[in-house]
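J.: One structure coming up, written as C-alpha cells, with questions to follow.
The values are calculated or read from the model by the stated rules, or taken from the named source; none is laboratory data. Keep in mind that this is a model prediction, so the values were computed, not measured. Here the Cβ positions follow ideal geometry from the backbone for every residue, glycine too, while neighbour counts run over all protein chains shown. Side chains included, ligands, DNA and RNA excluded: accessible areas come from the protein's heavy atoms. Shrake-Rupley method; radii C 1.70, N 1.55, O 1.52, S 1.80 Å.
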Amino acid sequence: MTKALRNYFKAVRVTKFNCVRCTFQCPQRNRTLLLFNTLLFIFLSTMHSKVHASEPASLTMAVYPWIPWRIQHDNGSWGGIAIDTAKLVALCTKTTITALDVKNGKRMRKEWGRRINVESAISPMWRQSQQTSSVYTAPLFSTSDIVFARKGEFENVKSVKDLYGERLGVTVGYYYPEGFTEAINAGKIRTSASNTKTLLPKLLRGRLKAIIINENELLYLLKQRQYKFEYSIDDFEVIYRFEVVPLHMRVHKDYEYLIPKFNLAIEELKKRGVIQHIQSNYAVTGKSDTSVSLSECPFKAI
C-alpha cells in the first residue's frame, strides 16, 4: 500500500470518529466530510492505478501439457503455439512471465491467485468457476474439440444425450462444454481419466471406443507418427464436433491494468502475421519456428 493510501485510511478513521460525535450537531459538516473523503479516495485510487501501470509487471504462468499449444521439450523447457506467443506478448510489453509447471488444469485452478496469475490458450467457458477473478485478452487463436471414435461403433450422434451410458476417454482437469462435463459429473457418461500422453493410444490400441480430444492436438500427434504399435487411421472417425471457441490469455484480476497493453501487442503480432506463422509452423513441423525470434520483439515494445 502506498503512503498516500495509508494516510487516507488514517484520515478516514479520524473523520469517522468526528462524524459520529457531531451527527446530531452538524449534519451539513458531516455530509461535506463524507463527500470530501469519497473524492479523495477516487483520486488516490486513480493515482495508485497509474503507478501500477507504469511499473514493469512480473507474472507467473501455469504450464502443463496440451499438444501442440503447450509442449515440454526433452530439456525441460516449454514451447508450443500458446507458450511461444505468450513469450512474445511479454517481450513486446516489457512484462516478465515465468513458467511454472502445475501438471494439469485441476491443480492450476487450486493455485490461481496464489502462485499463478496468467494462463495461455484458454476459453472463458472453461474457467466459469473463477470468472470473478479472471480477465481476458483479445482472442489469439481458435480451436475445437471432437469426439474421435472407432469406426462403426456409433451412429447419428447429434448431442451429448446420444452418448449417455457410454464410456469416453477424457483428459484430467479439462472442462467439456455443450453439456458434456455436466453429464460426466452426473454419471450419465462414464470416463477413463487420461493425460495427453495416454489419451489417444487408449483409443488406437482398442482399450476405448471413443475419446474427447482437441482437433489440433489429434492432427499434431498423428503427423508425428510417434507410436510404435500398428494402427490404421482409416479405422477411426469423428462422430461429434464441438463448436469452435476462441482462445485467450487469462490474467488474474489484480493485473487487469495489463490487458490494454497485451491487446495492443496481440493486435500488432497478428497484423504482422507472426501468430499465424507460429501456429502454422507447429502444425506442419511440430517444432518452434526458428524464423520467428522469441528473444526480441518484431516491433517497438509497448
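J.: Considering only protein heavy atoms and a 1.4 Å probe, what is the carbon-and-sulfur percentage of the accessible area of region 176-302?
T.: Of the solvent-accessible surface of region 176-302, carbon and sulfur hold 49 percent.
J.: Still on this structure, please answer the following. Determine the shape class of region 138-211: with a ≥ b ≥ c the square roots of the Cα gyration tensor eigenvalues, call it rounded for a/c under 1.5, and otherwise prolate if a/b is greater than b/c, oblate otherwise.
T.: Verdict is rounded for region 138-211.
J.: Mind ordering 109-115, 224-230, 258-264, 203-209 by average Cβ neighbours within 10 Å, highest first?
T.: Listed from highest to lowest mean packing, they are 258-264, 203-209, 109-115, 224-230.
J.: Tally up the carbon and sulfur contribution to the accessible surface of region 72-161 as a whole percent, 1.4 Å probe, everything protein left in place.
T.: Carbon and sulfur: 45 percent of the exposed surface of region 72-161.
J.: Continuing with this model, one more query. Kindly identify region 67-224 as rounded, prolate or oblate by the Cα gyration tensor criterion: order the square roots of the eigenvalues as a ≥ b ≥ c, call it rounded if a/c is under 1.5, otherwise compare a/b with b/c, prolate if a/b is larger, else oblate.
T.: Prolate, since a/c reaches 1.5 and a/b exceeds b/c.
J.: Let me ask something additional. Which whole-number value in Å² is the accessible area per residue of region 163-286, probe 1.4 Å?
T.: 51
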